Amino acid sequence: NAGVMQNPRHLVRRRGQEARLRCSPMKGHSHVYWYRQLPEEGLKFMVYLQKENIIDESGMPKERFSAEFPKEGPSILRIQQVVRGDSAAYFCASSPPDRGGETQYFGPGTRLLVL
Amino acid sequence: AQRVTQPEKLLSVFKGAPVELKCNYSYSGSPELFWYVQYSRQRLQLLLRHISRESIKGFTADLNKGETSFHLKKPFAQEEDSAMYYCAPKIFSGGYNKLIFGAGTRLAVHP
């Protein structure tokens, strides 16, 4: 089991461009969580998804950010019209369907830099 | 307000000294509590959970319901313990269990 995969590991975008971050959960995991870590700050919950469903998006900014977890393929966190304040590390975690999110397995993160 | 607090952003100690990383929570009920660790250039990983009452890498954490604390302790710090540590209660909210991460404490162990 390769663990949670995220790509790209580093992403550089200019202001106004779009950023797409991908997360492939561990095999057999159907729950995906996205977190953001701003420089010198802790992890902030963004969104919790199950296959084809958004369960909790209370941590997502209301505009420009969206997430999906399709039936096939990785989960995608999409940031439209990026601004400098979006520069951060974005972490994805997954958990198996019967564990209630108690043990989350984290990916290596994607470090987004907005110029 | 429900929250988890890690009051120290940075804890700096010398090798062999005792370490205590503080965590206080203010959630109602009896949440389950976890400590996660992130070593340099590695992904975040589970260190220990209070219900298992285990010691991992020499670390222990005791849940004090009276003080609503879950401090992480190690009697003799090692240089390889240098990392970012996150306290995380599991709460039931919005119809499901979720982990709430504290702001984290960076532990720096000097030779």
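The values are calculated or read from the model by the stated rules, or taken from the named source; none is laboratory data. None of these values were measured; they are calculated from a predicted model. With ideal geometry, Cβ positions are generated from the backbone for all residues, glycine too; neighbour counts draw on all protein chains shown. Surface accessibility is based on the protein's heavy atoms, side chains included, excluding ligands, DNA and RNA. Shrake-Rupley method; radii C 1.70, N 1.55, O 1.52, S 1.80 Å.
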Carbon/sulfur fraction of accessible area - the protein assembly as shown, other protein chains in place, 1.4 Å, %: 48 percent
State in Å² the accessible area per residue of region A:17-81; use a 1.4 Å probe, count heavy atoms of protein chains only, and round to the nearest integer. 53 Å²
Please list the equivalent ellipsoid semi-axes of region B:44-105, computed as the square roots of five times the alpha-carbon gyration tensor eigenvalues, in descending order and whole angstrom. 23, 14, 11
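I'd like the mean, over residues of B:54-67, of how many other protein chain beta carbons sit within 10 Å of each residue's own Cβ.
0
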Over the C-alpha atoms of the protein assembly as shown, what are the Rg and the largest Cα-to-Cα span, Dmax, in Å? 17.7, 51
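Please compute the contact order of region B:1-105 in relative form: average sequence separation of alpha-carbon pairs under 8 Å and at least six residues apart, divided by the residue count, as a percent.
It comes to 35 percent, rounded to a whole number.
Given a cut-off of under 8 Å on Cα pairs at least six residues apart, what relative contact order in percent is computed for chain A?
37 percent
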Under Karplus coefficients 6.51, -1.76 and 1.60, residue-wise ³J(HN,Hα) of region A:103-115 in Hz, glycine/proline x: 10, 10, 9, 9, x, x, x, 10, 9, 9, 10, 9, 8
Total accessible area buried between chains A and B, 1.4 Å probe, in Å² to the nearest 100? 1600 Å²
Taking loop as defined by DSSP and a crowding limit of 14 other beta carbons within 10 Å, which GluC sites (Glu not before Pro) in region A:1-104 fit? A:Glu18, A:Glu40, A:Glu41, A:Glu52, A:Glu63, A:Glu72
What translational diffusion coefficient, in µm²/s and rounded to a whole number, does the Stokes-Einstein relation yield for chain A at 10 °C and a viscosity of 1.306 mPa s, taking the hydrodynamic radius as the Kirkwood radius over Cα pairs? 113 µm²/s
Three semi-axes of the equivalent ellipsoid, region A:7-53, Cα gyration tensor, whole Å, largest first: 22, 15, 11
Ellipsoid equivalent to region B:1-83 - semi-axes via the Cα gyration tensor, in Å: 22, 13, 13
Sparse-neighbour loop sites [chymotrypsin sites (Phe, Trp or Tyr not before Pro); region B:1-84; at most 15 other C-beta within 10 Å; DSSP]: B:Tyr39, B:Phe76
